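Chemist: Questions regarding the structure given below will be posed in turn.
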Amino acid sequence: MAPKFGTSGLRGLVTELTPELVADYTRAFLAACPHGTGLWVGRDLRDSSPMLARVVCDAARAEGIAVTDAGAVPTPALAMASMGAGAAAVMITGSHIPADRNGLKFYVPGGEIGKADEAAILAALGRPAAGLGGARRHDATSGGNWAARYRRAFGSDALAGMKVGVWAHSAVSRELLVICLEALGARVAVFGRSDSFVPVDTEAVPSDVRAQLAGWVQGLDAIVSTDGDGDRPLLADGLGHVVPGDVLGQITAALVGADTVVTTVSANTGVDLGRRFARVTRTKIGSPFVIAAMEQAAGHVVGYEPNGGFLLGFDAAGPAGPLPKLMTRDSLLPIVATLIEGKRAGSVAARVAEEPARFTVTDRLEHVPTDASQALLARIGGSDAALSGFLAPLGQPGAVDRTDGLRVTLGGGRVVHLRPSGNAPEFRVYAEAETPAAAATVLEAAFGLVRGALS
């Protein structure tokens, strides 16, 4: 795929992320957006990431910018460090996409870039290099500080008595996950470390990975992991069942004492039930939209997405100490919060069962051009008759939400949501129902309809 730029950053095939292109985007970012005290640069564990990080560092220094090279570090740790230093940041990562692709995520000193920043960066492309010589230093503290923040908030015995597995794979967060969980008192076992990059989509965990997790978790209270750059959590309970990211979000929001929740239109509707939160706001899919709505809200506001990335929009308090706000997607807080709540309830599965009985599942078709996805949505959503005809095997369409794609409530309250990915050539299908089995049935049927239409 040709490199694509948006509020999730710049992404594309490694072969097309040339040094010239990457340097151009780096210069445009620094020219168009505030960078405060300088630029921090981090990277995931893809083979291509060190080279791309060098290009970004060199391009920034040539603009006279002081660069802090944080090395291999999770995205939320880099963002926490750069925001604390009043600096901008670039994270070299392709997140969950395959190893032959990579990307850059851009942060201003206040957090992730927004839509206005995106337009400004595109307008600034094509600038010549200034040829200056900014300073460069190395930092090895940001990862440890990220992990330590949860021990300070929850205490060294928060997970005492729990046995937790860590699926290490190629996540840049893998050592820090172990450090954090052990600092909270858990006994930790490590599984599946990989020297080659493994793309992990926490929102669409394939059946073979679920089976592997179920095998590893025997005798443990849970098994946890993240995606490649460590901003999206993955957690399976002691029975091997993967807990959806939006359910992790619901549990975490309650634990930190949120009164306002911002989440995407695709998230589990359990957050709306039970009157636990004073206000629930839904947005288009993507952290920039969640962040924008959080910034407009007041009070104890949090945000999350179905991929599990959690944003803390206020200074919370844990039982052992403060938990400062962190306005970027984070994986550690929902992992830690759900384990703590699982310990209280007797098991993670028991704590999940305390949530409203709404179950979501999702899957994606890969290598689907965006224009083909958009054409399908236009065709089936162009009229009530077209939508009813397409979804006839699933039931009669009721309410239709077009905030992001087509989200259709069927008879009996079941939901099917169809949308192209905003940052990859993929078509995503979401389903929600009253039981896990019913949700899986709706997903299988909807996925089959989409696959047939696109083929």
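Chemist: Given Val368, Val361, which one is crowded, with 18+ Cβ neighbours inside 10 Å, among the aliphatic types (A, V, I, L, M), out of contact with any Gly (no Cβ under 6 Å at 6 or more places or on another chain) and closer than 24 Å to Lys105 by Cα?
Modeler: Val368
Chemist: Here is a further query. When residues of segment 394-409 are filtered for being assigned to a strand (DSSP E or B), within 19 Å of Asp363 (Cα to Cα) and without any contact (Cβ under 8 Å) to a residue 60 or more places away in the chain, how many remain?
Modeler: So the count comes out to 3.
Chemist: I would also like to ask the following. Please go through segment 410-422 and pick out each residue that is part of a strand (DSSP E or B) and touching a residue at least 40 places away in the same chain (Cβ under 8 Å).
Modeler: Answer for segment 410-422, where residues must be part of a strand (DSSP E or B) and touching a residue at least 40 places away in the same chain (Cβ under 8 Å): Val415, His417, Leu418, Arg419, Pro420.
Chemist: How many residues are out of contact with any strand residue (DSSP E or B) (no Cβ under 7 Å at 6 or more places or on another chain) and crowded, with 24+ Cβ neighbours inside 10 Å if we restrict to segment 222-249?
Modeler: Adding up the residues that qualify gives 4.
Chemist: Let me ask something else. Take the residues in segment 332-358 that are small (Gly, Ala, Ser) and touching a Leu at 6+ places or on another chain (Cβ under 8 Å); name whichever of them is surrounded by the fewest Cβ atoms within 10 Å (Cβ to Cβ).
Modeler: Among those that are small (Gly, Ala, Ser) and touching a Leu at 6+ places or on another chain (Cβ under 8 Å), it is Ala349.
Residue-by-condition table, conditions (1) surrounded by fewer than 19 Cβ atoms within 10 Å (Cβ to Cβ); (2) among the aromatic types (Phe, Trp, Tyr):
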position: Asn145; (1), (2): yes, no
position: Arg151; (1), (2): no, no
position: Leu159; (1), (2): no, no
position: Ser170; (1), (2): no, no
position: Arg187; (1), (2): yes, no
position: Phe191; (1), (2): yes, yes
position: Ala214; (1), (2): yes, no
position: Gly219; (1), (2): yes, no
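Chemist: Identify, from the list Ala222, Ala298, Ala278, Ala214, the residue that is under 30 Å from Glu182 (Cα atoms) and free of Cβ contacts under 8 Å to residues at least 40 places away in the same chain.
Modeler: Only one candidate passes the filter, namely Ala214.
Chemist: Next question, about the same structure. Tell me, please, whether a residue that is assigned to a helix (DSSP H, G or I) and under 28 Å from Phe197 (Cα atoms) can be found in segment 111-123.
Modeler: No.
Chemist: One residue is enough: does segment 127-134 have a residue meeting the conditions at negative phi, at pLDDT below 95 and within 25 Å of the chain's Cα centre (by Cα)?
Modeler: no
The values are calculated or read from the model by the stated rules, or taken from the named source; none is laboratory data. Everything numeric here is computed off the predicted structure, so don't read it as measured data. Every residue, glycine among them, receives a Cβ derived from its backbone with ideal geometry; neighbour counts consider all protein chains shown.
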